[in-house]
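To keep things clear, I will list the structure first and then write my remarks on it.
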Amino acid sequence: MQIGELARTTSTKVETIRFYEKIGLLPKPSRTSGNYRDYGSDHLARLSFVRRARGLGFRLDQVRELLPLSDDQNRSCSAVDIVARAHLARIDQKIADLRVLRYELDELISHCRKGAISDCRIIEALGPPNEAGY
């Protein structure tokens, strides 16, 4: 299949497929006699794997680590578990950070007096610190 069909089948932009080839996540395809890229079922499976991993938030370096593990079907999955647990810990930290951020923003909004911008606590908090610490 040509790159456009692979892109449509996997809901991936052509530029992304080329980028994945460039960085080695996707092997270079063979070429047709007309010099078009010719992708096979292995490319489709690998790109689908990469897309799903990216959809779950795995970074490119983590995907690069998972790909060879997925190729060795007889290997213990403990290495995969380590990568996945590290990713989960990063997600948990992001959630904790977002909760703090949400609390801070909620506090600012709750102090809104709905007056003039010159008295706006949110705008004040976004500016340089003052005596009140905001």
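The values are calculated or read from the model by the stated rules, or taken from the named source; none is laboratory data. What you see is a predicted model; the values in this text were computed from it and never measured. Quick reminder, even Gly has a Cβ in these numbers, built from the backbone with ideal geometry, and neighbours come from all protein chains shown.
Residue-by-condition table, conditions (1) under 20 Å from the mean Cα position of the chain (by Cα); (2) loosely packed, with under 13 Cβ neighbours inside 10 Å; (3) assigned to a loop (DSSP other than H, G, I, E, B):
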| residue | (1), (2), (3) |
| --- | --- |
| M1 | no, no, yes |
| F19 | yes, no, no |
| G34 | no, yes, yes |
| R52 | yes, yes, no |
| Q62 | yes, no, no |
Has the stretch 84-101 got any residue that is within 30 Å of I3 (Cβ to Cβ) and either modelled with pLDDT of 95 or more or exposed (fewer than 12 other Cβ atoms within 10 Å of the Cβ) (or both)? yes
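This table checks each residue for (1) in a helix (DSSP H, G or I); (2) in contact (Cβ under 8 Å) with a residue 60 or more places away in the chain; (3) outside the structural domain of A7 (by TED's automatic domain parsing).
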site	(1), (2), (3)
H43	yes, no, no
A84	yes, no, yes
R99	yes, no, yes
L105	yes, no, yes
I109	yes, no, yes
R113	no, no, yes
Take the conditions surrounded by 10 or more Cβ atoms within 10 Å (Cβ to Cβ) and modelled with pLDDT under 95 and apply them to H111. Does it pass? yes
Single unsatisfied condition, S118 versus (1) over 31 Å from the mean Cα position of the chain (by Cα); (2) among the polar types (S, T, N, Q); (3) surrounded by 10 or more Cβ atoms within 10 Å (Cβ to Cβ): (3)
